[in-house]
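See structure below.
The values are calculated or read from the model by the stated rules, or taken from the named source; none is laboratory data. Keep in mind the model is a prediction, meaning the values are calculated, not measured. Methodologically, a virtual Cβ is constructed for each residue, glycine included, from the backbone with ideal geometry; neighbour enumeration extends over all protein chains shown. Accessible surface areas use protein heavy atoms only, side chains included; no ligands, DNA or RNA. Shrake-Rupley method; radii C 1.70, N 1.55, O 1.52, S 1.80 Å.
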Amino acid sequence: MTEGYVILTLRFYQEEGQWVGDCEELGVAHCGDSLDEVRAGLEELLMLSLSTMESVGERERFFAEHGITLHPSDQPAPTQEYHVLPDTHLVEPKRIPIGA
């Protein structure tokens with residue numbers, strides 16, 4: 001059952017011949033040879049981080065300290081846009097479901 005969702009900021013960029021992806025709010029990162037590989041690995045890390053926070057009872061505190069809003073499941077997500085920055089960064093908001 002889904003309790004709601006959060007919107008996290010994901011950044012993707014190339015560094016020294018590899019792709020790097022990071023999540024601004026959770027402070028996790030993943031690197032690899034392709035954008036698709038990095039995106040999939042980063043999303044897996046996000047789910048693992050959020051699941052761990054929930055299992056140890058730290059999600060509510062962490063969200064409050066880092067300004068992360070838990071939106072109700074029935075609330076439509078804000079319009080999501082991708083941004084390509086001049087220095088070849090790709091920034092995308094990502095809707096992540098949060099389980100009850």
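The set of residues in the range 42-75 that are open to solvent by 70 Å² or more (accessible area, probe 1.4 Å) and assigned to a loop (DSSP other than H, G, I, E, B) comprises Val56, Thr69, Asp74, Gln75. Would you tally the residues in the range 5-32 being open to solvent by 30 Å² or more (accessible area, probe 1.4 Å), over 18 Å from Ala64 (Cα atoms), without any contact (Cβ under 8 Å) to a residue 60 or more places away in the chain and of a type in the set (D, E, K, R)? Summing the residues that are open to solvent by 30 Å² or more (accessible area, probe 1.4 Å), over 18 Å from Ala64 (Cα atoms), without any contact (Cβ under 8 Å) to a residue 60 or more places away in the chain and of a type in the set (D, E, K, R) in the range 5-32 gives 2. For the range 8-33, the candidate set comprises residues that are assigned to a loop (DSSP other than H, G, I, E, B) and farther than 30 Å from Glu60 by Cβ; within that set, the residue that is modelled with the highest pLDDT is Asp33.
Among the numbered conditions (1) under 17 Å from Tyr5 (Cα atoms); (2) modelled with pLDDT of 90 or more, the only one that Gly99 does not meet is (2).
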